[in-house]
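Chemist: So that we are looking at the same thing, I have put the structure below in structure tokens.
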Amino acid sequence: MNTQPRNIVVIGGVAGGASAAARARRLSETARIIMVEKGPHVSFANCGLPYRIGGEIPTSDKLLLQTPESLYSRHRLDVRVLTEAVNIDRESGEVELLHHLSGRRYREHYDALVISTGAAPLKPPIPGIERPGHFTVRNVPDAEAILQWIETAQARRAVVVGGGYIGLEAAEQLRHLGLEVSIAEAFPQVMTPLDPEMAEHLHRELRRNDVRLHLGDGVASFDAPLPEEEAAASTVVLRSGARLPADLVILGLGVRPEVSLAREAGLDLGERGGVRVDEQMRTSDPRIWAVGDAVEVRDGVTGKWTLMSLAGPANRQGRIAADAIFGLPTRYRGAWGTAVLRLFGLTAGCTGAGEKVLVREGIPYQTVHLHPLSHAGYYPGAHSMALKVLFSPDDGRLLGAQAVGADGVDKRIDVLATALQAGMSVSDLTDLDLAYAPPFGSARDPVNMAGMIADNLLGGLSNQKQWNEVEEAVAAGAQLLDVRDTTERKRDGMIPDSI
């Protein structure tokens, strides 16, 4: 903008909105900054909600990173909770607000407007989905309501519908509370950003912790329980006909961008249903920006528009929007979907594109799998991890990475995410100078090793068969040589038809 904005209104007070408001204040001591939030809390740690349910976070106040009072004291932000933006008048530059407790409607003028309305949990029209005892996990009141229901209903059995991040974290935490837990997932695997052979590690960990998996079996209906089923919430009926009596149902079916306000204001929406923005998070209106789960962004690998409901990108987008409002040239480079999950004793992480995405987009790729130790094998406590790296067969450019293991996964995924965003090739991985001491890593880090294996493939120094090609190769006359030692074979089992 050519002039300093005097009035900035931010709609939505969680990750992206709060980041935009705080950054705007740092860029201007004089601007009037109003942030409205239709819920009772701002700047809360929504990624921590499952851990409140399981008691790892002991009280809800620990999730409240800031309050209206603290934001005013620290940043002189005018924060209004329980206040919803119901209409944007682009011609007059005004937003109509509704205070839910008093019912008062009023208007505020803006020179710059930031929309950070987030995403709403998906609740498809499945019969019975609105029955009592069914919950989504979006905000602090949701977590408290789940805990209250568990206590009053004396819940023993929970069904989690959906095996994404929220569903898996909720399943883990409910098991910590001692509930019997089943997961119903319409896809044949949990955590769909992972490729199937990587997700299989999570399936084993879930079963090891007595979580019942119903994969490739979506929900047909939520029925009133039969008398003999004695379920406090409903009986979850799967498409296979299986009946899962539940005292508690957690709906983790994904989210959709909350764009009704933007749509009614006539802002451009994209093909994925999110608000369309440019590299500075500016919408089709030059005075309006949008950030967070409500917007479409460019996929850093494919270049296609995508939705990326993650806290890290939302926070960065909020900062970029504020920079743009004050004329700074900061640009958003895209999203690579870097994410990490703890599931009982395992950690799973990913960045960039997996095979499913690359096949769908017709992008050529090669992969390497390795199973290195988290740190030096002679130092106590080393654990094996499964690491997968995907790269271009033409120039070795990194395309994605996935890892699952008991230790060291987050570190390697973060290194690979950095390399991916820097446009590095697998050859570059071999030369990365990474920190080493026996308790923390190896002289040749797993990231270095992945680069070496991939570099050998690119140079024609070695060939490989993928896990799903071995059976066909053996049938065609190949001999499978098992080079594991006796301890490894006893621990993990023998491979049929190998020597």
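Derivation of every value follows stated rules applied to the coordinates shown; laboratory data play no part. As the structure is a computational prediction, the values presented were derived from the model and not from experiment. Note that we place each Cβ from the backbone using ideal geometry, even for glycine, and neighbour counts take in every protein chain shown.
Chemist: In debye, nearest 20: dipole of the stretch 1-97 around its Cα centre with unit charges on the Cβ of K, R (+) and D, E (-)?
Modeler: On the way: 12 positive and 11 negative charges, 79 e Å.
Charge dipole of the stretch 1-97: 380 debye, to the nearest 20.
Chemist: Listed highest first by mean packing, meaning other Cβ atoms within 10 Å per residue, what order do 428-435, 252-259, 389-396 come in? Before the final figure, lay out each step's value.
Modeler: Working: 428-435: 14.8, 252-259: 20.9, 389-396: 19.1.
Highest-to-lowest ranking by the protection proxy: 252-259, 389-396, 428-435.
Chemist: Given the pairs Lys356/Lys465; Lys356/Lys411; Lys388/Lys490; Lys62/Lys388; Lys356/Lys490; Lys38/Lys62, which are separated by over 27 angstrom at their Cα positions? It would help to have the intermediate numbers written out before the result.
Modeler: Values: Lys356/Lys465 18 Å; Lys356/Lys411 24 Å; Lys388/Lys490 24 Å; Lys62/Lys388 36 Å; Lys356/Lys490 33 Å; Lys38/Lys62 21 Å.
Over 27 Å Cα-Cα: Lys62/Lys388; Lys356/Lys490.
Chemist: Excluding Ala186 itself, what net charge comes from residues whose Cβ is under 9 Å from its Cβ, given Lys and Arg +1 and Asp and Glu -1?
Modeler: Numbers: positive: Arg239; negative: Glu185, Asp217.
My count for the surroundings of Ala186 gives -1.
Chemist: In the stretch 134-253, what % of DSSP beta bridges are antiparallel (nearest 5)? Don't skip to the end; give the middle numbers.
Modeler: Details: 8 of 24 bridges.
Once the DSSP bridges in the stretch 134-253 are tallied, antiparallel ones form about 35 percent.
Chemist: How large is the helix-only mean residue ellipticity at 222 nm for the chain, computed as the sum of -39500 (n - 2.57) over DSSP H runs with n ≥ 4, divided by its residue count, in deg cm²/dmol to the nearest 500? Display every interim value, and only then the final one.
Modeler: Numbers: 14 runs with 134 residues, N = 499.
Only helices count here, giving -8000 deg cm²/dmol.
Chemist: If amide hydrogens are placed 1.01 Å from N in the peptide plane, which non-local residues have theirs closer than 5 Å to the one on Arg256?
Modeler: Ala120, Leu122
Chemist: Next up: Going by how many other Cβ atoms sit within 10 Å of their own, how do Leu387, Leu215 line up, fewest first?
Modeler: Leu215, Leu387
Chemist: Something else: Counting residues in the stretch 1-129 as N, plug N into 2.2 N^0.38 Å and put the Cα Rg over that result. Don't skip to the answer; put the middle values down first.
Modeler: On the way: Rg = 16.4 Å, N = 129, 2.2 N^0.38 = 13.9 Å.
Taking the Cα Rg and dividing by 2.2 N^0.38 Å, one obtains 1.18.
Chemist: Dipole size in debye (nearest 20) for the chain around its Cα centre, Lys and Arg Cβ +1, Asp and Glu Cβ -1? Let's see the in-between values first.
Modeler: On the way: 52 positive and 63 negative charges, 227 e Å.
Dipole size: approximately 1100 debye.
Chemist: Taking only C-alpha pairs under 8 Å that are 6+ residues apart, what is the relative contact order of the chain in percent?
Modeler: Working: 1077 pairs, mean separation 61.4, N = 499.
Once divided by the residue count of the chain, the mean separation gives 12 percent.
Chemist: Turning to a different aspect of this structure: Which of the peptides 197-204, 100-107, 266-273, 179-186 is most tightly packed, and how do the rest follow, judged by the mean count of other Cβ atoms within 10 Å per residue? Before the final figure, lay out the partial values.
Modeler: Working: 197-204: 18.5, 100-107: 10.2, 266-273: 14.6, 179-186: 21.5.
Taking the mean over residues of other Cβ atoms within 10 Å, the ranking is 179-186, 197-204, 266-273, 100-107.
Chemist: Continuing with the same structure: Based on the alpha-carbon gyration tensor of the stretch 111-206 and its eigenvalue square roots a ≥ b ≥ c, which shape applies: rounded if a/c is under 1.5, prolate if not and a/b is larger than b/c, or oblate? Spell out each step's value before the answer.
Modeler: Working: a/c = 1.77, a/b = 1.11, b/c = 1.60.
The shape class here is oblate.
Chemist: I would also like to ask the following. For every other residue with a beta carbon closer than 12 angstrom to the beta carbon of Ala45, add +1 if it is Lys or Arg and -1 if Asp or Glu, then tell me the sum. Mind dumping the intermediate values first?
Modeler: On the way: positive: Arg52, Lys62; negative: Asp61.
Taking every other residue near Ala45 into account, the sum is +1.
Chemist: Still on this structure, please answer the following. If you take the beta carbon distance between Cys47 and Leu147 as r and set R0 to 22 Å, what does 1/(1 + (r/R0)^6) give as a FRET efficiency, to the nearest 0.05?
Modeler: Numbers: r = 18 Å, r/R0 = 0.81.
So the FRET efficiency works out to roughly 0.80.
Chemist: Here's another thing I want to ask about it. Out of [x] 64, 39, 17; [y] 42, 31, 20; [z] 34, 27, 22, which label holds the value of semi-axes √(5λ) of the Cα gyration tensor in Å that was computed here?
Modeler: Computed from the coordinates, semi-axes √(5λ) of the Cα gyration tensor in Å corresponds to [y].
Chemist: Something else about it: When DSSP beta bridges are limited to those with both residues in the chain, what percentage is antiparallel, rounded to the nearest 5?
Modeler: Values: 53 of 89 bridges.
Beta bridges within the chain, antiparallel portion: roughly 60 percent.
Chemist: Then there is this: Multiply the residue gap between His371 and Arg105 by 0.36 nm, knock off their C-alpha separation, and tell me the result in nm, one decimal place. List each step's numbers first, then the result.
Modeler: Values: separation 266, 0.36 × 266 = 95.76 nm, distance 6.01 nm.
Stretched fully, the His371-Arg105 segment lengthens by 89.8 nm.
Chemist: Using the beta-carbon distance between Arg204 and Glu271 and R0 = 41 Å, what value does 1/(1 + (r/R0)^6) give for FRET efficiency, to the nearest 0.05?
Modeler: Rounded to the nearest 0.05, the efficiency is 0.65.
Chemist: Can I ask one more? How much net charge surrounds Arg282 when only other residues with a Cβ under 12 Å from its Cβ are counted (Lys, Arg +1; Asp, Glu -1)? Don't skip to the end; give the middle numbers.
Modeler: Values: positive: Arg276, Arg287, Arg331; negative: Asp268, Asp278, Glu279, Asp285, Asp323.
It works out to a net charge of -2.
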